[in-house]
Structures are given as structure tokens and as C-alpha cells.
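Read-outs throughout are calculated quantities, based only on the coordinates presented, and are distinct from any laboratory measurement. Worth saying up front: this structure is predicted, and the values here are computed from it rather than measured. We place every Cβ from the backbone using ideal geometry, glycine too, and count neighbours over all the protein chains shown.
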Amino acid sequence: MSVKIRLTRIGRHKDPFYRIVAADSRQARDGRIIEQIGTYDPAKGIEKAEINEELAMKWLKAGATPSDSVRGMLSRKGIIAKYNAEKKGKK
């Protein structure tokens, strides 16, 4: 099973709101999820995205692949850099 960290859309028509989730890559975008990691409101911007750092690190260590948009959010929050530093320190 390949796990992706990606966005699922919720919210009204023309008023999007997203959950950041870990999901099986074979499931539909808004289909079954494994775990919710955070939320993102595009009206407030990426800086206001709420991401549970512990859960994000857990899934990255387990081999989950973030989507391009989620990778950008994780980078801005410093989670990708922290993950890479931990990964480099283990070798």
C-alpha cells in the first residue's frame, strides 16, 4: 500500500477548505483516509495552515509521499527540513 499525504476538499461551492490527510494513493481524492494531519484554508494563506508536526513526521518516516502542494506547505513550516536532518543524522 502506497500512502500519500495530500489534500481532500471540503467546504461549499466556490468556498474551498481542505484537510491534509494521509491516504492510500489508490483511493479517490475525497475517499477513505487513514489519518487527518491538519487543515488548510486558501482564503487565509499557506502560513495559516494548521499541521500536526508529530503526525506529519510519523507519516514521512513511514514512507508516505507528500503531494506537490502539501510538500510546499510542509517546507514552509520547516517540517521537510527537520525530516531531512533526522534522516541524515541516522546514516
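Lys and Arg at +1, Asp and Glu at -1: add these up for the other residues within a Cβ distance under 13 Å of ASP41 and post the number. Before the final figure, lay out each step's value.
Working: positive: ARG9, ARG12, ARG19, LYS44, LYS48; negative: ASP15, GLU47, GLU50.
Summing Lys and Arg as +1 and Asp and Glu as -1 gives +2.
Taking LYS14 as the anchor, which aspartates and glutamates have their alpha carbon closer than 14 Å to its alpha carbon, excluding any fewer than eight residues away along the same chain?
Leaving aside aspartates and glutamates fewer than 8 places away in the same chain, those within reach of LYS14 are ASP41.
Once you have the Cα-Cα distance between ALA43 and ARG12, take 0.36 nm times their residue separation minus that, and quote the gain in nm to one decimal.
That pair, ALA43 and ARG12, stretches by 9.9 nm at full extension.
Angle, helix 68-77 long axis vs. longest principal axis of the chain, Cα atoms, 0 to 90°, nearest 10?
Helix 68-77 sits roughly 70 degrees off the main axis of the chain.
Please determine, in degrees from 0 to 90 and to the nearest 10, the orientation of helix 79-90 with respect to the longest principal axis defined by the Cα atoms of the chain, where the helix direction is its Cα long axis.
That works out to roughly 20 degrees.
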